[in-house]
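The values are calculated or read from the model by the stated rules, or taken from the named source; none is laboratory data. None of the values given here were measured: they were computed from a predicted structure. Here the Cβ positions follow ideal geometry from the backbone for every residue, glycine too, while neighbour counts run over all protein chains shown.
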Amino acid sequence: MLTKANKRELTEVLLASKKKYRPAKKILAEANIKDYNAIIKKSLENPIKFWEEAARDLVWFKPWRKVFDSSHKPFYKWFIGGKCNLAYNALDKHIGTKIEKKLAIIWEDETGRSRKLTYWELYQEVNKLVNALKKQGIRKGDRVAIYMPNIPEIAVAMLSCAKIGAMHSVVFAGFSAKALADRINDARAKILFTADGSFRRGKIINYKEFVDEAIKECRTIKKVIVVKNNKNKVKFNKRKDIWYHDFVKGMPTEAKCAQMDAEDPAFVLYTSGTTSKPKGVVHVHGGYMVGVLRTIKWVFDLHGDERFWCTADPGWITGHSYIIYGPLLAGVTTVMYEGVPDMPKPDRIWKIVEKYKVNVFYTAPTLIRAMMKYGAKWPKMHKMPSLRILGTVGEPINPEAWEWYYKYVGKKRCPIMDTWWQTETGSNMITPLPCATLKPGSAGKPFPGIKAEVVDKKGKPVPIGKGGYLVIINQWPSMIRTIFNNPKRYIKTYWQEIKGAYFTGDVAFKDRDGYFWIQGRTDDVLKVAGHRIGTAEVESAFVSHKSVVEAGAIGVPDPIKGEVIKAFVILKQGVKGSDALKLELRKCVRKEIGPIAVIKDIEFVDKLPKTRSGKIMRRVLKAKELGLPLGDTSSLV
Ligand code: PRX
């Protein structure tokens with residue numbers, strides 16, 4: 001599995017692994033957890049007990065009978081018999097305490113508009129929407145789709161669904177109408193939330209237009225609830241559409257919270273896999289809140305009064321867990337920014353950090369690399385004294401970007417938490433804690449209670465310093481429960497690749513200190529600017545064009561986005577490749593998937609390398625593209 005290039009990388013990684021940063025005295029003195037190795041060791045003596053203790057940080061309407069059940073594996077269960085509610089813990093439990101008056105959300109958009117909501121205000125907004133949704137017939141178990149920009153109403157909508165016990169399905173607003181329709185139809189959602197538009201780089205994106213196109217294909221949607229976010233003129237279908245403010249008008253500000261079983265589903269979130277059909281990852285009320293609260297408190301060292309800014313979009317798992325649920329479960333303030341990071345100038349991000357006195361800043365390597373491009377002078381203009389802890393997620397961070405982040409953003413006083421995890425894991429899995437010694441480019445060790453390993457195809461641990469498959473060999477509360485409507489695919493994707501372990505799809509190395517170095521995906525999933533896109537999805541988008549017979553898509557390294565997409569396309573007989581056709585194909589992919597699937601390059605070819613069984617050998621395409629050795633080509637025809 002390891003190519004020569006990987007081996008070369010490994011040597012570099014092992015050299016890099018010698019560079020260490022010990023935690024600053026002040027950080028260590030204040031840290032909730034003071035000894036990284038000791039806490040991990042202790043938790044692994046009895047991981048189930050560890051998670052049981054973590055669950056006691058939350059409010060349960062009825063305690064669990066049993067912490068963990070594996071009798072129907074791989075359909076694992078946690079906190080069996082327990083009754084709880086994710087939204088209750090994120091919101092209702094704070095009412096009547098001193099947190100009630102604290103800011104829950106600080107929001108700002110690209111144009112500089114700002115809104116602040118206290119926990120009490122957010123609670124009232126949620127209750128109004130709960131009542132309106134109930135009046136509309138939304139019940140426990142129903143699905144509600146959300147396709148919205150990063151505005152407070154997205155949090156209100158998610159929390160309202162959870163409070164009723166309906167499952168939300170947030171679809172990232174960078175997806176196309178077609179991608180939205182596919183996700184709505186798979187979930188059979190009854191209601192769709194959207195907004196009239198959002199500012200991005202000074203221009204308004206009209207989400208309503210995409211929604212109008214999408215719901216032409218969606219029979220299950222009864223109502224479209226539209227937030228008036230801009231004064232953008234949108235088409236209104238009186239039968240289906242309703243303004244959000246009219247929908248909640250006059251609704252009572254108190255609402256009953258559904259008592260959910262710990263294993264009742266809380267939400268579905270679609271993510272790309274190795275086929276062209278996205279997977280609806282299902283998370284539940286009980287275990288999810290336990291994993292998210294324990295990780296946010298320990299990884300970001302929360303003491304209760306922080307302002308937490310995660311720059312992700314709520315449409316991704318990072319947004320679910322660390323913009324919305326995590327900060328609210330912990331009773332801290334979450335910052336939301338609706339806009340691009342370099343408007344009007346490349347110090348917008350650092351300005352927001354200063355303006356709102358952000359204590360924890362959590363972002364993706366792509367953003368750091370994009371900011372590096374503008375130069376250190378921009379973060380140097382801002383002292384950002386409130387910052388304590390930094391974080392990164394979504395893709396491997398190169399040591400150079402890590403050092404820049406540490407020096408110019410963290411001013412050498414803030415530790416960087418490089419958190420490895422996935423949509424499926426629900427919360428951080430491999431990560432340092434602020435008390436840990438840091439190594440730039442490594443995600444550190446598995447979080448307490450988690451047993452991760454690097455293994456070969458047979459599931460045997462590989463020696464230290466050797467690359468292999470990253471697997472998780474025990475279970476954890478916030479893990480995926482199933483793929484919506486497709487339990488067989490759940491079993492096949494995660495539990496049949498490596499016997500007895502959860503298959504992550506990533507390759508990693510472990511160094512002598514037990515630190516993990518994530519190298520990227522082993523499968524055909526790409527990471528473009530931290531966004532997960534399946535090569536099969538991209539290929540099927542190409543093939544949907546009338547001139548295309550077949551396509552092979554690969555990721556090629558990009559200094560800022562991590563990876564970008566290159567496609568090799570076979571055209572129908574008689575069709576001539578041209579720049580105009582390339583443009584048309586790009587548009588076609590954009591229409592099928594959305595603007596996140598940026599195609600860097602298209603090459604017209606006569607043939608694609610294939611195995612005897614007809615599978616496109618993307619590995620060979622990639623090696624050729626990058627001028628690397630082709631590796632084992634014995635199965636190539
Ligand atoms: O390849 C790993 C990469 O992101 C994948 C999961 O993508 P997604 O489900 O979209 O969730 C992203 C945010 C949790 C992983 O399989 N990945 C995530 N975090 C890191 C990472 N790769 C390296 N280092 C990380 N810190």
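Could you list, in sequence order, all residues of segment 166-180 that are touching a Cys at 6+ places or on another chain (Cβ under 6 Å) and among the aliphatic types (A, V, I, L, M)? None - no residue of segment 166-180 is touching a Cys at 6+ places or on another chain (Cβ under 6 Å) and among the aliphatic types (A, V, I, L, M), so the list stays empty.
For segment 258-291, residues that are of a type in the set (Val, Ile, Thr), more than 16 Å from the ligand (Cβ to nearest atom) and in contact with a helix residue (DSSP H, G or I) (Cβ under 7 Å, 6 or more places away or on another chain) total 1. Taken together, CYS414, CYS435 contain a single residue that is surrounded by fewer than 24 Cβ atoms within 10 Å (Cβ to Cβ), in a loop (DSSP other than H, G, I, E, B) and touching a helix residue (DSSP H, G or I) at 6+ places or on another chain (Cβ under 7 Å), which is CYS435. Taking the listed residues ASP246, ASP313, the one that is closer than 23 Å to ILE184 by Cβ, among the acidic types (Asp, Glu) and outside any loop (DSSP other than H, G, I, E, B) is ASP246, with no other qualifying. Exactly one residue out of ALA266, ALA258, ALA262 is in contact (Cβ under 8 Å) with a residue 12 or more places away in the chain, out of contact with any strand residue (DSSP E or B) (no Cβ under 6 Å at 6 or more places or on another chain) and either surrounded by 22 or more Cβ atoms within 10 Å (Cβ to Cβ) or among the small types (Gly, Ala, Ser) (or both), and it is ALA258. When restricted to residues that are out of contact with any helix residue (DSSP H, G or I) (no Cβ under 8 Å at 6 or more places or on another chain), not in a helix (DSSP H, G or I) and not aliphatic (A, V, I, L, M), segment 482-498 contains 3.
Among the residues in segment 114-136, are any within 23 Å of CYS218 (Cβ to Cβ), touching a strand residue (DSSP E or B) at 6+ places or on another chain (Cβ under 8 Å) and either polar (S, T, N, Q) or part of a strand (DSSP E or B) (or both)? Yes, segment 114-136 contains at least one residue that is within 23 Å of CYS218 (Cβ to Cβ), touching a strand residue (DSSP E or B) at 6+ places or on another chain (Cβ under 8 Å) and either polar (S, T, N, Q) or part of a strand (DSSP E or B) (or both). Of the residues making up segment 455-470, not one is surrounded by fewer than 24 Cβ atoms within 10 Å (Cβ to Cβ), within 23 Å of the chain's Cα centre (by Cα) and either at pLDDT below 95 or of a type in the set (A, V, I, L, M) (or both). Taken as a whole, the structure leaves ILE106 outside the set of residues that are under 21 Å from ASP246 (Cβ atoms) and either in a loop (DSSP other than H, G, I, E, B) or touching a residue at least 40 places away in the same chain (Cβ under 8 Å) (or both). Among the residues making up segment 42-82, a single one is part of a loop (DSSP other than H, G, I, E, B) and acidic (Asp, Glu): ASP57.
For first residues located in segment 523-550 and without any contact (Cβ under 8 Å) to a residue 60 or more places away in the chain, partners that are surrounded by fewer than 19 Cβ atoms within 10 Å (Cβ to Cβ) and of a type in the set (Asp, Glu) and lie 6+ apart or on another chain with Cβ distances below 9 Å form the pairs PHE542/GLU550; VAL543/GLU550; HIS545/GLU584; SER547/GLU584. Write out, first by first residue and then by second, each pair whose Cβ atoms fall under 8 Å of each other, whose residues are 6+ apart or on separate chains, and whose first residue, in segment 499-518, is assigned to a strand (DSSP E or B) while the second is away from the ligand (no atom under 12 Å from the Cβ) and among the basic types (Lys, Arg). Partner pairs satisfying both residue conditions: PHE509/LYS466; PHE516/LYS445; PHE516/LYS510; TRP517/LYS510.
The single residue among ALA508, ALA452, ALA529, ALA436 that is closer than 24 Å to TYR288 by Cβ and either within 16 Å of the ligand (Cβ to nearest atom) or touching a Pro at 6+ places or on another chain (Cβ under 9 Å) (or both) turns out to be ALA452.
Taking the criterion of being within 15 Å of the ligand (Cβ to nearest atom) and of a type in the set (Phe, Trp, Tyr), the residues of segment 491-505 that qualify are TYR494, TYR502, PHE503. For LYS102, state whether it is of a type in the set (D, E, K, R), at negative phi and surrounded by 20 or more Cβ atoms within 10 Å (Cβ to Cβ). No. Of the numbered criteria (1) touching a Lys or Arg at 6+ places or on another chain (Cβ under 9 Å); (2) farther than 16 Å from THR274 by Cα; (3) more than 11 Å from the ligand (Cβ to nearest atom); (4) of a type outside the set (A, V, I, L, M), the one PHE516 fails is (3). Within segment 359-397, the set of residues being closer than 18 Å to VAL340 by Cα, in contact (Cβ under 8 Å) with a residue 40 or more places away in the chain and more than 16 Å from the ligand (Cβ to nearest atom) comprises ALA370, LYS373. Selection over segment 292-325 of residues that are within 12 Å of the ligand (Cβ to nearest atom) and either on the phi > 0 side of the Ramachandran plot or of a type outside the set (Val, Ile, Thr) (or both) gives a count of 9. Among the conditions (1) modelled with pLDDT of 95 or more; (2) over 15 Å from PRO149 (Cβ atoms), GLU217 misses just one, which is (1).
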